[in-house]
1. Counting only protein chains, not ligands or nucleic acids, how are R88, R36 ordered by accessible area (probe 1.4 Å), most first?
2. Can you give me the long-range amide H partners of A201? Hydrogens built in the peptide plane at 1.01 Å from N, cutoff under 5 Å, separation of 5 or more residues or another chain.
3. With the other protein chains left in place, how much accessible area per residue, in square angstrom, belongs to region 150-204 at a 1.4 angstrom probe?
4. Students often get this wrong, so try it: which of [x] 0.94; [y] 1.04; [z] 1.21 is Rg/Rh (Cα atoms, Kirkwood Rh) as calculated from the structure shown?
5. Normalised by the number of residues in region 86-173, what is the relative contact order in percent for Cα pairs under 8 Å and 6+ residues apart?
6. Using θ = phi - 60° and the Karplus form 6.51 cos²θ - 1.76 cosθ + 1.60, what ³J(HN,Hα) does each residue of region 185-193 get, whole Hz, x for Gly and Pro?
7. What is the percent carbon and sulfur in the accessible area of the chain, measuring with a 1.4 Å probe over the protein chains and ignoring ligands?
8. Based only on Cα atoms, what Rg/Rh ratio does region 157-204 have, Rh being taken as Kirkwood's radius?
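The values are calculated or read from the model by the stated rules, or taken from the named source; none is laboratory data. None of the values given here were measured: they were computed from a predicted structure. Side chains included, ligands, DNA and RNA excluded: accessible areas come from the protein's heavy atoms. Shrake-Rupley method; radii C 1.70, N 1.55, O 1.52, S 1.80 Å.
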Amino acid sequence: IISAEPGSYLIYGHNAKTKAELKQMMDDEDWNGLLRKVPVKTGDFVYVPSGTIHALNKGIMALETQQSSDTTYRLYDYDRKDKNGNKRELHLKQSLDVTTVPHVDPKLDIKTKQVGDSTVTTLVTAPISPFFSVYHLQVKGDLQQQKGANYTLFSVLDGKGTITADGKSFDIKRGDHFLMPSQVQEWTLSGDLDIISSTPAAEK
């Protein structure tokens, strides 16, 4: 989910039609021709499947949910240099091996439902995302929820209120991040809150 200044864009995908064309454009360092620039605005949700070239640009702040992984392949680094004049290491062969060709934007099945005065939007879940599910919770008043996965992560984008579980209430506000562990079966979000929640994809 994105916060963006006017005129901001993501690098998202590429324009090569074949692996051979991808390699040629990489060899020619034709980055302007290769990399897709996609305009974004505050509130946008972007799903990035495995094998997708992507990068944030100036004016963008993103809340990122991702598969647990320590692997990042760097295709291009804008020729930036460190204080010693060295460019960062690139991983061109690995990038070529794992990039999906041609790029195809995923078709999301975004669904919204009213729960009392609150709104719950499913941004992505299985089978589109095999690793995680992401939800947008717009809480007005009280929103009761039940456990649907081994744990749930919460990030408060805006507003303030409380979360109540096992008879205990905790104040929450913009900028807070917290986890609901497996032992908790149900909870209530209360107040005026804009929240992103995420879970492992395998739900009940």
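1. Details: R88 125, R36 60 Å².
I get R88, R36, largest accessible area first.
2. Answer set, sorted by chain and number: F132, S133.
3. Numbers: 3210 Å² over 55 residues.
Per-residue accessible area for region 150-204 comes out at 58 Å².
4. [y]
5. On the way: 78 pairs, mean separation 13.4, N = 88.
The value is 15 percent.
6. 8, 7, 7, 10, 9, 9, x, 10, 9
7. Working: 6360 of 12900 Å².
The nonpolar share, carbon plus sulfur, comes to 49 percent.
8. Details: Rg = 11.4 Å, Rh = 11.8 Å.
Expressed as Rg/Rh, it is 0.97.
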